[in-house]
Amino acid sequence: METWIEENLDKAQELASRGLCDRCLGRMFGKLGTCMTNDVRGRMIREALAEKGADAPADEFCPLCENVFDLIGRFAEAAAERVNEVESDNFLIGTKVEPEVAKRERELIEELGLENAEGIKSELNREIGKIAIQSIHRPVEFKNPQVVACVDTRFADVALDIAPLFIAGRYNKYSREIPQTIWPCRVCHGKGCDHCHGKGKMYETSVQEIIGDIALDMTRGKEHFFHGMGREDIDACMLGDGRPFVLEISDPKVRNIDLDELAERANDNELAGYRELHFVKREAVERYKGAASDKVYRVHVKADGKVNKELVIDVALSFKNATIDQRTPRRVEHRRADLVRKRMIHWVKADSITDDSFDLELETDSGTYVKEFVSGDDGRSVPSFSERLGIQCKVETLDVLAINYHEP
């Protein structure tokens, strides 16, 4: 007789006397003994009890699991059928069991102090998976599965939980009339009304929608989400190498899409461009959102008065590695905390200077409000270019030329 059986004979006899099936009897000692399934473990226990004259055959209907294990072949077939509907590199089986079964098991384990028991869901997951994998032909992944087939053992229904797909890249925005992401209508909040002409959004399209709608079509996904490394104003262009972003596709039925095709289709417009598309893991979203990358801008400035060329150049040079204090601008205070933030202006260059306008190119810390740095925002941004020039100035157009971020 196995030592672990002998040491637990009293508990085993009590369990067997209640009519448990071999699987449930073996599962109550599932962490003891090696290289055997629970039904084998249960038969070994029953044989040991018979040798001791305490024979206790299993009931025809197990009072614990309600003979749910008789249906694992059916569960496995249903799970394989659903998993094979989608494309993935791996899968995992999960289960839902009758609440009363789970309750009875929990109470039994607590009553007899069965510290080495294996839960019914754990065994169902494993045994269904062992059969299903023969039809799925993909490896099981426990840590980060791309698709989880959850079998409801009460009805033999299978629900799929498909991990989102993440595509990173860089985008350029050439239009000053589209936002980065979808802007729901501020009146109806996406429902559709007279204000938005029934569209549910403030703008016809966005950087997100141009590529996201195509990606949804290619992946047969449900919804897309856009995670940019910061954002530019609607009336600003994003030029140069572009702004890093991650496109998230929920519930994708197809994962291995051709990213060259996605880029080609997305770039068939004059509003935005996309490049360097590649698949990434979920962690990239937080990495991109948390990045604090310096940025290079070019702005066209209109001055409220006659401009002195030499003074404009001198003021530009005076902001080399200059720290400024910026209180949350008036234009965004309705959606930003009212704080004073310190920002660094690394350098400023001035050119194209006329009697009442000039261009500035400058590099700043991430999060710098460039329009307010130029105008002063009624004293909320100090020092400002307007303050040092002695003339009130206003940014007429703004372009982002570079975001100094390199993928690790």
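The values are calculated or read from the model by the stated rules, or taken from the named source; none is laboratory data. If you're wondering where the values come from, they're calculated on a predicted model, not measured in any experiment. Neighbour counts are summed over all protein chains in view; Cβ atoms, including those assigned to glycine, are modelled from backbone coordinates with ideal geometry. Calculation scope for accessible area: heavy atoms of the full protein, side chains included, ligands and nucleic acids excluded. Shrake-Rupley method; radii C 1.70, N 1.55, O 1.52, S 1.80 Å.
If packing is taken as the average number of other Cβ atoms within 10 Å across a peptide's residues, how do 275-281, 219-225 rank, most packed first?
Details: 275-281: 14.6, 219-225: 17.7.
In decreasing order of mean packing, 275-281, 219-225 become 219-225, 275-281.
Per 0.36 nm of contour for each residue apart, how much would the distance between D213 and V340 grow if the chain were fully extended, relative to their Cα-Cα spacing? Working shown, then result.
On the way: separation 127, 0.36 × 127 = 45.72 nm, distance 3.88 nm.
Gain on extension, D213 to V340, equals 41.8 nm.
List the extent of the Cα atoms of the range 74-217 along each of their three principal axes, largest first, rounded to whole Å.
69, 35, 27
Would you rank E51, E85 by solvent-accessible area, highest first, keeping every protein chain in place and using a 1.4 Å probe?
Working: E51 140, E85 95 Å².
Heavy-atom accessible area, descending, gives E51, E85.
Set the Förster radius R0 to 30 Å, insert the Cβ-Cβ distance between D359 and V382 as r into 1/(1 + (r/R0)^6), and round the FRET efficiency to 0.05.
The value I calculate is 0.85.
Give a residue-ordered list of calculated ³J(HN,Hα) values for the range 72-83 (Karplus: 6.51 cos²θ - 1.76 cosθ + 1.60, θ = phi - 60°; whole Hz; x for Gly, Pro).
5, x, 5, 4, 5, 5, 5, 5, 4, 4, 6, 4
Provide the per-residue ³J(HN,Hα) series for the range 338-344, in order, calculated from phi with Karplus coefficients 6.51, -1.76, 1.60 and θ = phi - 60°, each as a whole number of Hz, with x at glycine and proline positions.
Residue by residue, the range 338-344 yields 7, 10, 9, 10, 8, 9, 9 Hz.
In square nanometres and to one decimal, what's the mean projected area of the convex hull around the Cα atoms of the chain? Please report the intermediate quantities before stating the final value.
Details: hull surface 111.7 nm².
Average of the hull's projected areas for the chain equals 27.9 nm².
When ranked by the protection proxy of mean other Cβ atoms within 10 Å per residue, highest first, what sequence do the peptides 70-78, 184-192, 210-218 form? Present the calculation step by step, with values, prior to reporting the outcome.
Working: 70-78: 17.6, 184-192: 13.7, 210-218: 19.4.
Packing proxy ranking, top to bottom: 210-218, 70-78, 184-192.
Could you check how many percent of all C-alpha pairs in the range 180-238 are farther apart than 19 Å?
Within the range 180-238, distances greater than 19 Å cover 40 percent of Cα pairs.
Kindly report the accessible area of the chain per residue (heavy atoms of protein chains, probe 1.4 Å, no ligands, DNA or RNA), in Å².
Details: 20770 Å² over 408 residues.
Heavy-atom SASA per residue in the chain reads 51 Å².
With a 1.4 Å probe and all protein chains left in place, how much of the accessible area of the chain comes from carbon and sulfur atoms, in whole percent? Walk me through the numbers before you get to the answer.
Numbers: 9770 of 20770 Å².
So the carbon and sulfur contribution to the accessible surface is 47 percent.
Working from the pairwise distances between different alpha carbons, so that the mean of 1/r is found and then inverted, what is the range 316-408's Kirkwood radius in Å? Intermediate results must be reported in sequence, preceding the final value.
Details: mean 1/r = 0.0716 Å⁻¹.
That comes to 14.0 Å for the range 316-408.
Report, please, the projected area of the range 262-333 averaged over directions, based on the convex hull of its C-alpha atoms, in nm².
Working: hull surface 38.1 nm².
Projected over every direction and averaged, the Cα hull of the range 262-333 covers 9.5 nm².
Using only the Cα atoms of the range 44-130, construct the convex hull and provide its projected area averaged over every direction, in square nanometres to one decimal. Each step should come with its number before you reach the end.
Details: hull surface 30.1 nm².
Approximately 7.5 nm², given one-decimal rounding.
Hey, with R₀ at 41 Å, roughly what FRET efficiency would I109 and F225 work out to, going by the Cβ-Cβ distance, to 0.05?
Values: r = 42 Å, r/R0 = 1.02.
Calculated value: 0.45.
Rounded to the nearest 500 deg cm²/dmol, what is the calculated helix-only ellipticity per residue at 222 nm for the chain, with -39500 (n - 2.57) per DSSP H run of length n ≥ 4?
Working: 13 runs with 127 residues, N = 408.
Estimated from H runs of four or more residues: -9000 deg cm²/dmol.
Largest first and to the nearest Å, give the Cα extent of the range 1-147 along each principal axis.
54, 30, 24
Show F226, F91, F155 ordered by accessible area, largest first, where the area counts protein heavy atoms only and the probe is 1.4 Å. List each step's numbers first, then the result.
Working: F226 20, F91 0, F155 125 Å².
Largest accessible area first, the list is F155, F226, F91.
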